[in-house]
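The values are calculated or read from the model by the stated rules, or taken from the named source; none is laboratory data. Remember, predicted model here, so these are calculated numbers, not experimental data. All Cβ positions, even for glycine, are placed from backbone atoms using ideal geometry, and neighbour counts span all protein chains on display.
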């Protein structure tokens, strides 16, 4: 069942999204060589508490942490760890969900620790651009397949990367995961037609090598690239409106517009 959100509900989600975006902006000063990935978890929990928000992932289907901190070949759902010390060139994905007075928002952002490389820079640039190409297709009257087709064509056909199939975007609102499912691959003109009031996530996970994933047996949550290649992810929560997609987790509206118009 798909719920269409009112303008009031979308405004509430935007407040939640602003808190989440602020946390990600703060992480730019936190993530550096020598810290543990647990320090990311600690910062996020403290930030949310200071802003009267709840880390909604804690307890979701038994998950214990406020954040997912996935490093290098970890695609998603990596555990924050006290014994994982970050070093130059590590590619970090930080994914979390905020509940602010009943309104939820979801966003993942990628960070490189210390010194980067041209290969990492390109993967991050392409993945971020893919996110905005997907958002640009989130228009009233378009179909879910238009979003996935735009992302898949850009990442796989144009750049030869692997567009992960196993993990996809979703509806969101008063609960973390709602209908519809939003794959980052597919065929243009196919799938559910988008309507004003839908609130969804678009969250492409793009691998430097194969698109295939393997589950980490020890913890049962973390997914890794099947070939050990690096993986990158960017995610926004957005509302479908008659005036076009409205990004609810924006860290910089001017930058968002640059990506959407370029």
Looking at (1) free of Cβ contacts under 8 Å to residues at least 24 places away in the same chain; (2) over 16 Å from residue 231 (Cα atoms), find the lone condition where residue 180 falls short. (1)
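Residues checked against (1) buried (at least 22 other Cβ atoms within 10 Å of the Cβ); (2) within 16 Å of the chain's Cα centre (by Cα); (3) closer than 26 Å to residue 213 by Cα:
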{"position": "3", "(1), (2), (3)": "no, no, no"}
{"position": "7", "(1), (2), (3)": "no, no, no"}
{"position": "25", "(1), (2), (3)": "no, yes, no"}
{"position": "72", "(1), (2), (3)": "no, yes, yes"}
{"position": "81", "(1), (2), (3)": "no, no, yes"}
Could you list, in sequence order, all residues of the stretch 102-116 that are more than 17 Å from residue 239 (Cα to Cα) and out of contact with any strand residue (DSSP E or B) (no Cβ under 9 Å at 6 or more places or on another chain)? 114, 115
Would you please list the contacts, defined by Cβ atoms under 8 Å and residues six or more apart or on different chains, that run from a residue in the stretch 227-248 that is touching a residue at least 12 places away in the same chain (Cβ under 8 Å) and at positive phi to a residue that is assigned to a loop (DSSP other than H, G, I, E, B) and surrounded by fewer than 23 Cβ atoms within 10 Å (Cβ to Cβ)? 228/73; 228/209; 244/139
Within the stretch 110-154, restricting to residues that are part of a loop (DSSP other than H, G, I, E, B) and touching a residue at least 60 places away in the same chain (Cβ under 8 Å), the one that is surrounded by the most Cβ atoms within 10 Å (Cβ to Cβ) is 138
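Table: residues versus (1) surrounded by fewer than 23 Cβ atoms within 10 Å (Cβ to Cβ); (2) within 23 Å of residue 124 (Cβ to Cβ).
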site: 180; (1), (2): yes, no
site: 188; (1), (2): yes, no
site: 199; (1), (2): no, no
site: 210; (1), (2): yes, yes
Starting from the stretch 196-214, take each residue that is without any contact (Cβ under 8 Å) to a residue 24 or more places away in the chain and at negative phi and list its partners that are part of a loop (DSSP other than H, G, I, E, B) and surrounded by fewer than 22 Cβ atoms within 10 Å (Cβ to Cβ), counting only C-beta distances under 9 angstrom and pairs at least six apart or across chains. 214/226
The condition of being free of Cβ contacts under 8 Å to residues at least 24 places away in the same chain and over 20 Å from residue 21 (Cβ atoms) holds, among 64, 82, only for 64
Among 45, 93, 82, which is touching a strand residue (DSSP E or B) at 6+ places or on another chain (Cβ under 8 Å) and assigned to a strand (DSSP E or B)? 93
Checking residue 204 against (1) surrounded by fewer than 20 Cβ atoms within 10 Å (Cβ to Cβ); (2) closer than 30 Å to residue 35 by Cα, the condition it does not meet: (1)
Give me the pairs: first residue in the stretch 251-262 and at positive phi and surrounded by 13 or more Cβ atoms within 10 Å (Cβ to Cβ), second residue modelled with pLDDT of 90 or more and part of a helix (DSSP H, G or I), beta-carbon distance under 6 Å, and six or more apart or on different chains, which are they? none
Looking at 220, 186 in this structure, which one is in a loop (DSSP other than H, G, I, E, B) and modelled with pLDDT under 95? 220
